[in-house]
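J.: The structure under discussion is supplied below as structure tokens; questions concerning it will follow.
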Amino acid sequence: MQPVATIEEALLTRHSCRAFLSRPVSREQVERLLELAARSASNSNSQPWQVHVLTGAAKRTLTEELLCAHEIRRGDEPGEFDYQPRPDGWPEPFRSRRRRFGESLYQGALGLAAEDTEGRRRQHRRNYDFFGAPVAIILTVSSDPLQGALVDAGLFLQALMLAARGDGLHTCPQASLIDFHQVLRRHLTIPDTHVIVCGVALGYADELHPVSAHHTTREPVESFATFYS
Ligand SMILES: Cc1cc2nc3c(=O)[nH]c(=O)nc-3n(C[C@H](O)[C@H](O)[C@H](O)COP(=O)(O)O)c2cc1C
């Protein structure tokens, strides 16, 4: 896919990419994207974010250990989180939106039957090789104070994903990485004062993969905006 030229195009073409080509992304390119993402606003310009960028052997080694940890757990233990990215039980209307998202991804794009838990598990495992992306990024923020820093981290994350579109690259934000935050901490130099926010897969999309046809919808503006005049 061609690089996008406008912010509107970047917003409209960004989506969570779950199949990447092995085509490499240069360190200079990644540094430039990070430089752009760091232009994000942050509370009092505190810039509480840090990133850990893995490619090549470093990414492969991390992936091996993450897959191993995932295999041992087989999903029957509760995750351990640096912060709580999702509730144990989603209230409405989020529960229904989440169900629709899951159906359109697993049953729709991937053709997995609703009862195919093994197929879903296999797909979930792909998070841990960053869906084949050549670049894996782990985003952390200072935990002191945490709540404001998480807002700043969200801005950084979105800016990074949009900047990637400017280079014809795609991304997938991945909270699933923090299910194995201890593995990440063993591999990376993450200060105790930082929490792991999420991973980000970065690379060129494999447009021919069936999952690349998956696109999500949004609620209309009138469902979330209240205008006063
Ligand atoms: C903080 C955050 C964490 C996410 N974690 C994952 C993840 O672990 N694995 C995944 O496949 N998608 C993950 N997603 C992607 C969401 O499922 C996706 O953004 C949502 O369904 C909307 O689709 P879109 O990004 O394609 O527009 C995450 C998104 C965000 C913002």
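J.: Using the structure shown, decide if HIS209 is touching a Ser or Thr at 6+ places or on another chain (Cβ under 6 Å) and modelled with pLDDT of 95 or more. So that I can check it myself, show each step before the final result.
T.: Details: touching a Ser or Thr at 6+ places or on another chain (Cβ under 6 Å): no; modelled with pLDDT of 95 or more: yes.
No; evaluated as a whole, the condition is false for this residue.
J.: Quick check: is even one residue across segment 68-75 modelled with pLDDT of 95 or more and touching a helix residue (DSSP H, G or I) at 6+ places or on another chain (Cβ under 8 Å)?
T.: no
Residues are listed down the side, and each one gets a yes or a no for (1) within 12 Å of the ligand (Cβ to nearest atom); (2) crowded, with 16+ Cβ neighbours inside 10 Å; (3) not in a strand (DSSP E or B):
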position	(1), (2), (3)
ALA114	no, no, yes
ARG121	no, no, yes
ILE138	no, yes, no
VAL141	no, yes, no
LEU157	yes, yes, yes
MET161	yes, yes, yes
GLY168	no, no, yes
THR171	yes, yes, no
SER176	yes, yes, yes
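J.: Based on this model, can you work out whether HIS194 counts as more than 27 Å from SER104 (Cα to Cα) and modelled with pLDDT of 95 or more?
T.: Details: more than 27 Å from SER104 (Cα to Cα): yes; modelled with pLDDT of 95 or more: yes.
So HIS194 fits the description; yes.
J.: Give the residues of segment 32-44 that are of a type outside the set (A, V, I, L, M) and under 18 Å from the mean Cα position of the chain (by Cα), sorted by residue number. Break it down stepwise before answering.
T.: Within segment 32-44, the subset of a type outside the set (A, V, I, L, M) is 32, 35, 39-40, 42-44.
Hit for segment 32-44 is SER40, nothing else.
J.: Separate question: Does VAL200 satisfy the criteria of being within 13 Å of the ligand (Cβ to nearest atom), touching a residue at least 60 places away in the same chain (Cβ under 8 Å), in contact with a Pro (Cβ under 7 Å, 6 or more places away or on another chain) and under 26 Å from LEU33 (Cα atoms)? Outline the logic, then answer.
T.: Values: within 13 Å of the ligand (Cβ to nearest atom): yes; touching a residue at least 60 places away in the same chain (Cβ under 8 Å): yes; in contact with a Pro (Cβ under 7 Å, 6 or more places away or on another chain): yes; under 26 Å from LEU33 (Cα atoms): yes.
Against the criterion (within 13 Å of the ligand (Cβ to nearest atom), touching a residue at least 60 places away in the same chain (Cβ under 8 Å), in contact with a Pro (Cβ under 7 Å, 6 or more places away or on another chain) and under 26 Å from LEU33 (Cα atoms)), VAL200 qualifies.
J.: Can you tell me which residue is surrounded by the most Cβ atoms within 10 Å (Cβ to Cβ) among those in segment 192-215 that are touching a strand residue (DSSP E or B) at 6+ places or on another chain (Cβ under 8 Å) and more than 19 Å from PHE156 (Cα to Cα)? I'd like the intermediate steps shown before the answer.
T.: Restricting attention to segment 192-215, the residues satisfying the condition of being touching a strand residue (DSSP E or B) at 6+ places or on another chain (Cβ under 8 Å) are 193-206, 212.
Okay, now just the ones that are also more than 19 Å from PHE156 (Cα to Cα), so 204-206, 212.
Working: TYR204: 19, ALA205: 24, ASP206: 20, SER212: 18.
Filtering segment 192-215 for residues that are touching a strand residue (DSSP E or B) at 6+ places or on another chain (Cβ under 8 Å) and more than 19 Å from PHE156 (Cα to Cα), the one surrounded by the most Cβ atoms within 10 Å (Cβ to Cβ) comes out as ALA205.
J.: Let me ask something additional. Which one of the conditions (1) part of a helix (DSSP H, G or I); (2) open to solvent by 50 Å² or more (accessible area, probe 1.4 Å) does PRO91 fail to meet, given that it meets all the rest?
T.: (1)
J.: Determine, yes or no, whether ILE196 is assigned to a loop (DSSP other than H, G, I, E, B), among the aliphatic types (A, V, I, L, M) and within 23 Å of SER42 (Cα to Cα).
T.: Details: assigned to a loop (DSSP other than H, G, I, E, B): no; among the aliphatic types (A, V, I, L, M): yes; within 23 Å of SER42 (Cα to Cα): yes.
So ILE196 fails the test.
J.: It is to be established whether one or more residues within segment 220-229 are within 16 Å of the ligand (Cβ to nearest atom), under 19 Å from ARG126 (Cα atoms) and open to solvent by 10 Å² or more (accessible area, probe 1.4 Å).
T.: Checking segment 220-229: not a single residue is within 16 Å of the ligand (Cβ to nearest atom), under 19 Å from ARG126 (Cα atoms) and open to solvent by 10 Å² or more (accessible area, probe 1.4 Å).
J.: Spot the failing condition for MET1; the list is (1) modelled with pLDDT of 95 or more; (2) within 15 Å of the ligand (Cβ to nearest atom); (3) open to solvent by 70 Å² or more (accessible area, probe 1.4 Å); (4) among the hydrophobic types (A, V, I, L, M, F, W, C), and only one is missed.
T.: (1)
J.: Counting only residues that are open to solvent by 50 Å² or more (accessible area, probe 1.4 Å) and in contact with a His (Cβ under 9 Å, 6 or more places away or on another chain), which one in segment 123-135 is farthest from the ligand (Cβ to nearest atom)?
T.: For segment 123-135, the residue satisfying everything is ARG125.
The values are calculated or read from the model by the stated rules, or taken from the named source; none is laboratory data. Keep in mind the model is a prediction, meaning the values are calculated, not measured. Ideal geometry is used to build each Cβ from the backbone, glycine not excepted, and the neighbour counts take in all protein chains shown. Only protein heavy atoms, including side chains, enter the accessible area calculation; ligands, DNA and RNA are left aside. Shrake-Rupley method; radii C 1.70, N 1.55, O 1.52, S 1.80 Å.
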